[in-house]
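The values are calculated or read from the model by the stated rules, or taken from the named source; none is laboratory data. Note that the structure is a prediction, hence the values are computed from the model and not measured. A quick note on method: Cβ atoms are made from the backbone with ideal geometry, for glycine too, and the neighbour counts reach across all protein chains shown. For accessibility, only protein heavy atoms count, side chains too; no ligands or nucleic acids. Shrake-Rupley method; radii C 1.70, N 1.55, O 1.52, S 1.80 Å.
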Amino acid sequence: MLGSSHRILELLTGRYVRNARYRTLLRTMPGENPRYVDACNLAIVLNWESLSEGALDSKARDIRKKLSDATSQLPDGRPCVVHIGFEAVEGDRVERLRYDKILATARQFDPGDKQLEYIYCHYFVPESPPDECWAFD
């Protein structure tokens, strides 16, 4: 199996966790292709995540800067829309906080003399589950 894959982590820990913060030390025997592993006879797997209020808040980044930059590029005198897309890779707790920040920013944002009518935010949640190459929510 692929040496640095989520499948090997799933086998070592007993479950697949999206956005897990694993640190590993593995003693493996390479396969014919050096990217693949034929055997593993030692595995140390650590999962560390800071759940303090300050850490979660700093990970839940706001859209204010991107929204200001995008608004400055809008043409004058016509209705406009801004699309902001970002990767949401910090986990569901952080993304719930980010969502609240985004709503607050969108509600109080002043576009100045631009006719900003809509702000679309797109969360892209990438992952590479053990049973497929890539997936996006």
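Only bridges with both residues in the chain count here: give the DSSP antiparallel percent, nearest 5. Among the beta bridges of the chain, antiparallel pairing accounts for roughly 55 percent.
Residues whose amide H falls under 5 Å from that of Val125, counting only those 5 or more places apart or on a different chain, are Ala88, Asp137, with hydrogens built in the peptide plane.
Each semi-axis of the equivalent ellipsoid for the range 40-109 is √(5λ) with λ an eigenvalue of the Cα gyration tensor; in descending order they amount to 36, 15, 8 Å.
Stokes-Einstein diffusion for the chain at 25 °C, viscosity 0.890 mPa s, with a Kirkwood radius from C-alpha pairs, works out to 135 µm²/s. Compute the distance from the alpha-carbon center of the range 8-35 to that of the range 85-137, in whole Å. Each part reduced to its Cα centre gives a spacing of 29 Å.
Over the C-alpha trace of the range 1-77, radius of gyration and Dmax come out as 20.7, 67 angstrom. Contact order for the chain, expressed relative to its length and based on alpha carbon pairs under 8 Å spaced 6+ residues apart, stands at 24 percent.
Gain on full extension, evaluated as 0.36 nm per residue between Ser4 and Phe136 minus their Cα-Cα distance, stands at 45.6 nm. Take the solvent-accessible surface of the protein heavy atoms, probe 1.4 Å, and return the percent of it on the chain that carbon and sulfur atoms account for. Result for the chain: 51 percent of the exposed heavy-atom area is carbon or sulfur.
Comparing mean-square fluctuations of Glu127, Glu49, Glu90 from a GNM of the chain with C-alpha springs under 10 Å, the top value falls on Glu49. Given R0 = 41 Å, the distance between the Cβ atoms of Ser128 and Arg64 translates into a calculated FRET efficiency of 0.85.
The residues of the range 54-137 present an accessible area of 65 Å² per residue when probed at 1.4 Å with all protein chains retained.
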